[in-house]
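First the structure, in the form of structure tokens, and then the observations on it.
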Amino acid sequence: MAELTALESLLEMGFDKNRAEKAVAETGNQGIEQAMDWLMEHENDPDIDEPYVPPVGNVLGEEADSQTNTEQEATEGTAHGDNIENMETSKRPMTEEEKREQVKRLEELMRVKQAERRERERAEEVEREKQRRRQGQELQQIRQKIQDDDMKKLAEQRRREKMEDKMARQRVKDKIARDREERAQKFGSGAASSAAASTQPTLPSPSSPTGQGPPPTKKEYDQSRIQVRLLDGSTITTVFKAQEPLAAVRVYIQMNSNTPEGEDFTLLSPYPRQVYTELDMEKPLKELGLVPSAVLVVTKK
């Protein structure tokens with residue numbers, strides 16, 4: 001049965017002539033299947049419907065090699081009558097029935113190729129979706145790692161700040177302890193000399209009446225018992241040296257009360273009422289009249 005050329009087959013199947021000519025030319029007129037593949041792959045090209053201009057010497061619808069082979073067979077067939085008869089039989093025009101049969105086969109082939117193409121596109125889409133999800137998971141992991149690193153850095157920073165604050169508090173404690181020890185040594189030696197002097201006998205004054213004893217002396221206190229009333233109504237009590245500054249009482253309150261860290265406060269004496277300023281913090285308790293005992297109240301600044 002005679003076969004339609006690739007171009008004729010495409011036209012019979014209903015393809016646009018311009019597109020059919022392009023498909024045959026771009027595939028080198030290698031057959032209907034290659035032409036159909038090209039059409040399906042390039043059907044969405046922006047220049048697919050631009051007029052096709054065939055190159056000089058190009059004959060659509062049949063191959064140049066086929067023409068040469070046909071001419072050679074015709075030349076050789078001059079000496080062989082049977083070959084000439086076969087060649088003429090192969091070139092006879094196709095009947096309408098044969099054309100319809102061939103077009104039917106080509107359309108079926110076209111459907112198969114379209115189905116394969118759709119399946120291939122679905123597989124590619126599935127693969128793209130998998131790739132997109134993998135990239136999304138990797139991005140989420142990177143973000144989570146960055147967040148974890150930031151949390152670790154923040155926790156380390158807070159740990160360092162607490163350590164530095166603890167060391168600062170310890171330095172204050174050590175300083176208070178040294179100050180107490182220095183004052184104790186200083187005033188202790190003075191008290192010892194006073195005690196030695198008091199052991200010497202006291203001679204009566206010539207001008208004093210006979211039998212009259214020495215005038216009473218005021219007792220000196222070297223300690224002060226301080227009671228502090230906190231913001232929540234609770235109290236704390238401790239004993240300080242009389243020569244310790246009021247700042248020592250303030251530090252003691254900061255370290256032993258439930259006052260929120262960093263919150264500033266003011267000390268006052270209720271009876272008689274007196275609010276202590278920053279200048280008063282360096283004055284000894286004795287100078288402020290807080291010896292031998294006193295009550296202080298903590299108020300918000």
Note on residue 241: of the conditions (1) free of Cβ contacts under 8 Å to residues at least 40 places away in the same chain; (2) over 26 Å from residue 165 (Cα atoms); (3) among the charged types (D, E, K, R), unmet is (1)
Specify which of the listed residues (184, 123) is in a helix (DSSP H, G or I), small (Gly, Ala, Ser) and within 35 Å of the chain's Cα centre (by Cα).
123
Please identify the pairs in which a residue from the stretch 274-301 that is assigned by TED's automatic domain parsing to the domain that holds residue 263 has its Cβ atom under 6 Å from the Cβ atom of a residue that is of a type in the set (Gly, Ala, Ser) and part of a loop (DSSP other than H, G, I, E, B), counting only partners at least 6 apart or on another chain.
285/242; 286/242; 291/242
For the stretch 2-45, give me the residue count where each residue is part of a loop (DSSP other than H, G, I, E, B) and surrounded by 17 or more Cβ atoms within 10 Å (Cβ to Cβ).
6
Hey, among 115, 155, which residue is in the same structural domain as residue 15 (by TED's automatic domain parsing) and assigned to a helix (DSSP H, G or I)?
115
Just to be sure I understand the filter: pairs with C-beta atoms under 8 Å, separated by 6 or more residues or on different chains, first member in the stretch 97-126 and among the charged types (D, E, K, R), second member at pLDDT 80 or above. Which pairs pass?
99/12; 107/13; 113/33; 113/36; 113/37; 113/40; 117/40
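The values are calculated or read from the model by the stated rules, or taken from the named source; none is laboratory data. Since this is a predicted model, take the numbers as computed values, not measurements. Backbone-built Cβ (ideal geometry, glycine too); neighbour counts: all protein chains shown.
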